[in-house]
Each structure stands twice: as structure tokens, then as C-alpha cells.
Amino acid sequence: MSLTNKVLAAMVLGIIVGLVINYSGINAKGGTVNTYVVDGAFAVIGKLFVNALKMLVVPLVMFSLICGVCGIGDVRLLGRIGSKAFFLYLLTTAVAIATAIGFAAALGIGSGLNAIAEVTFSGKAAPPLTEVLTNIIPSNPINAMAQGEMLSVIFFSMMLGISILLVGRPAKSFIELIEVLNEVMMKMVTIIMNLAPYAVFCLLAKAMANLGFDLLLQLLGYVAVLVGALMFHLFVTLMIILKVFSGLSISKFLAKIRNVQIFAFSTSSSNATIPVTLRAVTRRMGVNNSVASFTVPFGATINMDGTAIMQGVATVFIANVYNVDLGLSGYLTVIMMSVLASIGTAGVPGVGLIMLSMVFSQVGLPIEGIGLILGVDRLLDMIRTAVNVSGDAAVSCVVAKSEGKLNVDVYNDPSAGEVDADSIHIDHEIEEELAHIINDNKLGDK
């Protein structure tokens, strides 16, 4: 059984077990079930998983950001193509999370569940905007890491990455070390996410045992708002950007990106979808490979529109559940952190939760709140990834069109680059011709 199915099964079982405990009346405070099961085993296992998420935040963000900045700092970024792509990716991410926060705040999802705070949590007040801005530059970066001050960690990591680039060749071995450490952290994410089904069961069973059916209704509301925000960003925001900046047909784009979205949905990984996205962008949409080979992998690294939307909706949801008033400065902090953290964040399943715990800790929300949405996150992660890769393709088309490197005839041809029996046959013929050419060139070398 896949991890996604395991998590979904654990979610259903956790909800059922929790509701049975809640409505059977055996969860009285001080009782055996409450002491040893709900506040015992369920609470301990859930807490261990939350602590594991916290453990990964600082090193994962630091190493991934340094790697991301080093990649972004390639000389190609200094050109028009790189700068345009960089601007558009950060713009779409900022718009995405601002829209998500607006949707969630307007609908008030999570309100009415304040009992979940259980009087043990009192969120710290969101700091004034001036304090947020001045704390971006840490006086002591080591202390900032220890305290989990993520804006400071992000700034220090970005400065370190830029400095590594300026040092140049002597820092090559150091960059390789950071890349290895980043891979190690990603492997740790994979290991911990494999434990997610057990945590989902315990966290949801505990929450349902304490709150009953009200929590289930609010979770359905959270899913509905998040999916609505994702669809709005895909079909409205991204399409407006595509039309305004390139003048290209929206309907043709949506028709040609469909297979990429399906693949992204099934893998929950922007990185795994790169080959499929590249093929669709170049052969189906007519983007020159010199543009697509940069914008698509670049987008898989820094374009996290779907993840940003999740962070916005989840932040509002958990803030309402725990009755924490973030205020304008708190929401601006969330937007700023999500945009900055998107640089270098790996496009693999599960990383969004690590980034979300980082956002929560910065604005004073309990990371334990992630347990409420963890059960539905894997399914929603699939939709988020489809939105992410759609943004990669849209930006690639916009940049290519502005540089005169988009074949409009190919873009407007509904059948261009379609994968069918004939096109597969032609591809095999091309491969054979290339093999002959390579052999001829080898024979003719002097």
C-alpha cells in the first residue's frame, strides 16, 4: 500500500476511533481511557512526530536555501530570462498566499473550535511589523537557529549562499558538502514521513475523542476552502498572468497542460514531474529548449504556489482554532516567510509540512496544530503539486514569448506534440537516425 493510502486509511480509522470514544462517554477526565489512551498513548505518539518535524526545520531550511541560492546565482540568472522568471515566480507565490489568506479569513474557517486549545496553550502576541523587519538580520545567527527565529535563519542562509557564490571556485568543495547535507536532510524527511500514518491516527483520534463531530465538519471546511483557493489561483490568477504578459490562448494552455497536471497529481513531486513538464512545454507549447531547460527546473525549485496557498489557509485555520489573533503584521510575516522559504525548497512530498511548522513557530502558533490537518494533507499535496507545475509552465510560456523564443504555431496547434502511436513511432525513427549520425561522426573524426 502506498504512503498516501496508508495516511488516508489512518485518517479514517483515527476519526472513527475518536468519534466512538467521544460518543460512548468513556473519555471522562481522570478515567482509564482518557489517562492511558487519549492523553497517554495517542498524545505521546503524536507529540513525538511533532517533535520530529520541529527537529528538521532549521537544518532543512538552511541547507536547502544555501543550495537554492547557489543554483539561482548561476550566471544565467543575470540575463533577462533568469531575472524575468525569478520575478514572475516570486510574484505568483506572493499573490497565491495573499489570496489564500484572504479566502480563509473571509470565510472564518476554524472558528468555534477554541476548546481544542485545552487552556494549556496561550499564543504569543504577534510582534509589531517594525520588530519583524529589524529581527530579519540576526545579531547572533547561532542563537537565532536555537530559538527557531526562521526569518533570521532565512536571511543568514541567503547571505551565506551569496557569499559562497562570490568566493567562487575555492568554495566548490563546500558547496558539494552542503548539497550532500541537503540530501541527507531530505532523506530524513522521507524517513519521518513514513511514520506519518501512525501519527495521523493518534493525533486525529485524540482530537476527535475530545471534540467530536464538530472537528470533522471544520476539517471538511478547511479542505473545501483550500481546494477552492487552489482552483482560483490556477484558473484565475495564473491565467490572467498568462494572458496579460503574453497574450496567449488560455484554453489551449489548459488543454496542453492537462497530462502534466495528472502526472504531478499522482506523484506529489514537482521534481519528479520535470521531464514531463519539459516535454509538454517544448513540444506541446512551442517554448524553445534554451528557455524551458532553465525555467522549468528553476520553477520546480522556487515556484511553490500550491504550498504557499496551503500555508496561508492552514495558518488562518489553526489561528482560529486556537483563538490566536495574528493581526496584519502576523499575516505579512506569513507572506514574507512563504515567499522567501520557497527559494530552494525541494519539490518532494512532505516538505510543505516542514515549511508550515516553520511558519507556525515564527508567528506564535502551536506546531501541534499541524496534527489536525495532517490526515488530509497528502491528498491535498497532490492537488498543490498540480498547481505548482502549472505555474512553471505558464511562466515558461510568458518568458519565452517575451524573448521571441516561443513558436506560436506550435502553441496554437491542438495536436502538436501529442503522445500517440504515430508520434512514438516517429520518435523511434529519430533515435535511429541520430544513432547513424553519431556513428558516422565517430568514423569521420580525425
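The values are calculated or read from the model by the stated rules, or taken from the named source; none is laboratory data. Remember, it's a predicted structure, so these values are computed and weren't measured experimentally. Every residue, glycine as well, gets a Cβ built from its backbone with ideal geometry; the counts of neighbours run over all protein chains shown.
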Counted residues, the range 220-255 - those being among the hydroxyl-bearing types (Ser, Thr, Tyr) and more than 19 Å from Leu88 (Cα to Cα) = 2
Does any residue of the range 245-257 turn out to be within 25 Å of Phe49 (Cβ to Cβ) and not hydroxyl-bearing (Ser, Thr, Tyr)?
-> no
Leading residue by the ranking (surrounded by the most Cβ atoms within 10 Å (Cβ to Cβ)) among those in the range 138-189 that are small (Gly, Ala, Ser) and not in a helix (DSSP H, G or I) = Gly148
Search result, residues across the range 15-30 that are over 18 Å from Leu374 (Cβ atoms) and either in contact with a Pro (Cβ under 6 Å, 6 or more places away or on another chain) or small (Gly, Ala, Ser) (or both) = Ser24, Gly25, Ala28, Gly30
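State whether the residues of the range 412-428 include one that is of a type in the set (S, T, N, Q) and modelled with pLDDT of 90 or more.
Among the residues of the range 412-428, at least one is of a type in the set (S, T, N, Q) and modelled with pLDDT of 90 or more, which makes the answer yes.
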Give the range 315-327 a look and list any residue that's under 23 Å from the mean Cα position of the chain (by Cα) and closer than 23 Å to Leu133 by Cα, or say none.
-> Thr315, Val316, Ala319, Leu326
Just wondering, is there one or more residues in the range 271-279 that are touching a residue at least 60 places away in the same chain (Cβ under 8 Å) and crowded, with 24+ Cβ neighbours inside 10 Å?
-> yes
What residue, of Ala319, Ala292, Ala300, is touching a residue at least 24 places away in the same chain (Cβ under 8 Å) and more than 24 Å from Glu403 (Cα to Cα)?
-> Ala319
Can you find even one residue in the range 26-33 that is touching a residue at least 12 places away in the same chain (Cβ under 8 Å) and either within 30 Å of Ile142 (Cβ to Cβ) or part of a helix (DSSP H, G or I) (or both)?
-> yes
Examine the range 301-318 for a residue that is assigned to a loop (DSSP other than H, G, I, E, B) and not hydroxyl-bearing (Ser, Thr, Tyr), and state whether such a residue exists.
-> yes
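Suppose we filter Leu211, Leu151 for residues that are modelled with pLDDT under 75 and more than 24 Å from the chain's Cα centre (by Cα); which single one remains?
One residue alone meets the criteria, Leu211.
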Would you mind finding the one in Leu234, Leu248 that is outside any helix (DSSP H, G or I), at pLDDT 90 or above and surrounded by 14 or more Cβ atoms within 10 Å (Cβ to Cβ)?
-> Leu248
Write out, first by first residue and then by second, each pair whose Cβ atoms fall under 9 Å of each other, whose residues are 6+ apart or on separate chains, and whose first residue, in the range 147-166, is under 15 Å from Phe63 (Cα atoms) while the second is surrounded by 18 or more Cβ atoms within 10 Å (Cβ to Cβ) and among the aromatic types (Phe, Trp, Tyr).
-> Ser157/Phe63
Output the residues belonging to the range 174-229 that are in contact with a helix residue (DSSP H, G or I) (Cβ under 7 Å, 6 or more places away or on another chain) and among the hydroxyl-bearing types (Ser, Thr, Tyr).
-> Tyr198, Tyr222
In the range 82-98, is there at least one residue being of a type outside the set (S, T, N, Q), at pLDDT below 75 and either touching a helix residue (DSSP H, G or I) at 6+ places or on another chain (Cβ under 8 Å) or farther than 25 Å from Ala319 by Cβ (or both)?
-> yes
